1. Find the strands (runs of 3 or more DSSP E) located wholly in the stretch 153-213 whose residues include 1 or more that are closer than 28 Å to residue 143 by Cα, outside the structural domain of residue 137 (by TED's automatic domain parsing) and at pLDDT 90 or above, and list them.
2. Can you pull out the residues in the stretch 22-62 that are under 20 Å from residue 80 (Cβ atoms), in contact with a helix residue (DSSP H, G or I) (Cβ under 8 Å, 6 or more places away or on another chain) and assigned to a loop (DSSP other than H, G, I, E, B)?
3. For residue 218, are the conditions met, namely being more than 25 Å from the chain's Cα centre (by Cα) and either polar (S, T, N, Q) or not assigned by TED's automatic domain parsing to the domain that holds residue 140 (or both)?
4. Could you say which residue among 97, 70 is touching a residue at least 24 places away in the same chain (Cβ under 8 Å), within 30 Å of residue 146 (Cα to Cα) and touching a Leu at 6+ places or on another chain (Cβ under 7 Å)?
5. Considering only the stretch 69-101, how many residues are loosely packed, with under 14 Cβ neighbours inside 10 Å and either at pLDDT below 75 or part of a loop (DSSP other than H, G, I, E, B) (or both)?
6. Residues in the stretch 1-19 that are in contact with a helix residue (DSSP H, G or I) (Cβ under 9 Å, 6 or more places away or on another chain), assigned to a helix (DSSP H, G or I) and free of Cβ contacts under 8 Å to residues at least 40 places away in the same chain: how many?
7. Just give me the residues in the stretch 173-191 being loosely packed, with under 13 Cβ neighbours inside 10 Å and touching a residue at least 12 places away in the same chain (Cβ under 8 Å), in sequence order.
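The values are calculated or read from the model by the stated rules, or taken from the named source; none is laboratory data. Treat the numbers as computed from the prediction; the structure is a model and nothing was measured. Please note: Cβ atoms are built from the backbone with ideal geometry, for glycine as well, and neighbour counts cover all protein chains shown.
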Amino acid sequence: MHVVIMGCGRVGSSLATELEAAGHTVAVIDQAREAFRRLGPNFKGRTVTGVGFDRDTLREAGIQDADAFAAVSNGDNSNILAARVARETYGVQNVVARIYDPGRAEIYQRLGIPTVATVIWATDQILRKLLPEGSRSEWRDASGAIQLCEMHPHNDWYGKATSLIEELTPARVAFITRLGVGLIPDQHTVLQQGDLIHVIVADKNIDIAAAILSKSPDGDN
């Protein structure tokens, strides 16, 4: 597919090289021509100097043929504006914008504009390392009603079937990360020590699910 990226900083340049290595065509937009040096000498995609929400610049980058658009510049306003132009003017359905302001990120997410909230993501990742017990949100739908959470259960849950989580909690097991590899469990899957458990749960039931999982399923604390 063809992907247009606005912003050739560390994130934008990494995205561009990864996508090109995966066989996609890529166009990168940045206001500073020297930023394209981050792409390296082997980058074969298109580079366009200009403002990422300017229509002439977008057309030069091939936005009319784009399957996806990523706005990852350093400016929240520019990223959101560019994402909206890509979606609303050119009909690009697969659009994402990087946002630094957590408040704005939540607002735009609720408006249906997919965002990556840099501050929230970084805070969440650090908290995972500092406070491994309990649950940490990984994804939330636009309405805020449903979340994908990583749950950290009591040790006694290991050795039990994943189906027991669905029997005893209001959560549903979406997938397990085992030795760094994702696994979709079935009725025969048994939890192993070291598994990371990712569940889908209604926002109102997160604390209930976390409380149940924090205790032994056998009834012992």
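1. none
2. The answer is 50, 51, 52, 53.
3. Against the criterion (more than 25 Å from the chain's Cα centre (by Cα) and either polar (S, T, N, Q) or not assigned by TED's automatic domain parsing to the domain that holds residue 140 (or both)), residue 218 qualifies.
4. 70
5. 3
6. Selection size over the stretch 1-19: 5.
7. Across the stretch 173-191, the qualifying residues are 179, 187, 188.
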